[in-house]
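> The structure that follows is given in the form of structure tokens.
Derivation of every value follows stated rules applied to the coordinates shown; laboratory data play no part. Fair warning: this is a prediction, and the values are worked out from it, not measured in the lab. For neighbour counting, all protein chains shown are included, and Cβ atoms are generated from backbone atoms with ideal geometry for every residue, glycine included.
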Amino acid sequence: MINMDLTRVAPEIAALLLQRGAGLPPLAWHERQIKLAKTTLDQLDDGKLFGGATLANEEMTAAIRAMLYLWNGWPGDCKMYAQAADEQTCRYLVGFCERQAGNTDPAKEALQQLTAHPVYDAMTKYVPAAVGVGADTYLRRFADIVKLGGAWEPFAYIDLFELARRKELCNAAEEVVRTFQCREFELLFDHCYKATTGHSVEAVQEKAAATRPRREVKRKRPAPTRSQPAAPPPASKSPVSEKTKKPPARKPSMAIGVQCPKCTTLAQVAKTARGKVIRCQNCGTGFKVPIGQAGGASPAASKPTRK
């Protein structure tokens, strides 16, 4: 995973850096060697490798080639070409290779005289943001060491790297350690490439990020909802007391009661039946409904007479 601006490097170099893919590489890059990259590097001279660009520093040119071998999983070739680089870069690359191989003492020995390097300052600023909050215990301890010392600690990182290599860190912490290594490689590559060609990949990348227009975040509109009819306002309570409220008027009854003159059975008939002859539902006797009755049982039926 390379986060540099590869449009600023020669096409052949960009292709070699992209050979490993876009994912975060493992701790030990030699565990997945890219044979095509080695074949390409073996066949290209410096002129073709750098696309015919004017090369200002032969030592850094060798360092770039060494780093391309390292990135694609060939540490032996990396250390061989690193011998032609300047002493500081050579020590750095040898320590890099020994660290990946699990050789902690040779890695520390190679970096023993590398007291300061431009990469160290950038790594010091990178650690807090990469570690974050709630990290693994060993990872937090390493971040505290860097914070208290105010500088990148290559020896403490070698110890942390070894813990990750032995699978003694959780997966999240191991991923951060791998991220440190990729960032360290990018910074060292940019340092060497700038010394060779005069182009700083990191500076161009930061400038591009600063001038990139901000994208407006489109807020999602809520889904339209069906409008509900407005509820009627609550009826205002009348100040009239409960005692003064009038009871609701009853609807006039549309039926009257009559009694059968024979069996005295009470029947309910419509008011329109006044003056008409009806039959008792009980005994079948026919009788005439009184005309002047306002309601209730008929007078004739009120005191029935039995024969």
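> Relative to the present Cα-Cα distance, how much length would full extension add between Glu58 and Asp144 at 0.36 nm per residue of separation? It would help to have the intermediate numbers written out before the result.
On the way: separation 86, 0.36 × 86 = 30.96 nm, distance 3.88 nm.
Full extension of this stretch gives 27.1 nm more.
> Same structure again: How much net charge surrounds Trp74 when only other residues with a Cβ under 14 Å from its Cβ are counted (Lys, Arg +1; Asp, Glu -1)?
On the way: positive: Arg20, Arg32, Lys35, Lys38, Arg65, Lys79; negative: Glu31, Asp42, Asp77.
Result for the local shell: +3.
> Please give the length that would be gained between Ala84 and Asp105 if that part of the chain were fully extended, namely 0.36 nm times their separation in residues minus their C-alpha to C-alpha distance (nm, one decimal). Can you show the working numbers first?
Working: separation 21, 0.36 × 21 = 7.56 nm, distance 2.33 nm.
Separation in residues times 0.36 nm, less the Cα-Cα distance, equals 5.2 nm.
> Okay, moving on. What is the order of Thr54, Thr196, Thr264, fewest Cβ neighbours within 10 Å to most?
On the way: Thr54 8, Thr196 22, Thr264 17.
By the 10 Å Cβ count, ascending, the order reads Thr54, Thr264, Thr196.
> Counting Lys +1, Arg +1, Asp -1, Glu -1, what net charge surrounds Thr285 among other residues with beta carbon under 10 Å of its beta carbon? Intermediate results must be reported in sequence, preceding the final value.
On the way: positive: Lys262, Arg279; negative: none.
Spelling it out: positives minus negatives among the neighbours equals +2.
> Separate question: Be a star and scan region 74-106 for residues whose amide nitrogen sits under 13 Å from the point 7 Å along the Cα-to-Cβ vector of Gln33.
Residues 74-78 fall inside that zone.
> Suppose the chain between Lys167 and Thr7 were pulled fully straight at 0.36 nm per residue; how much longer would it get relative to their current alpha carbon spacing? The partial results should precede the final answer.
Working: separation 160, 0.36 × 160 = 57.60 nm, distance 3.65 nm.
Net length gain for the segment: 53.9 nm.
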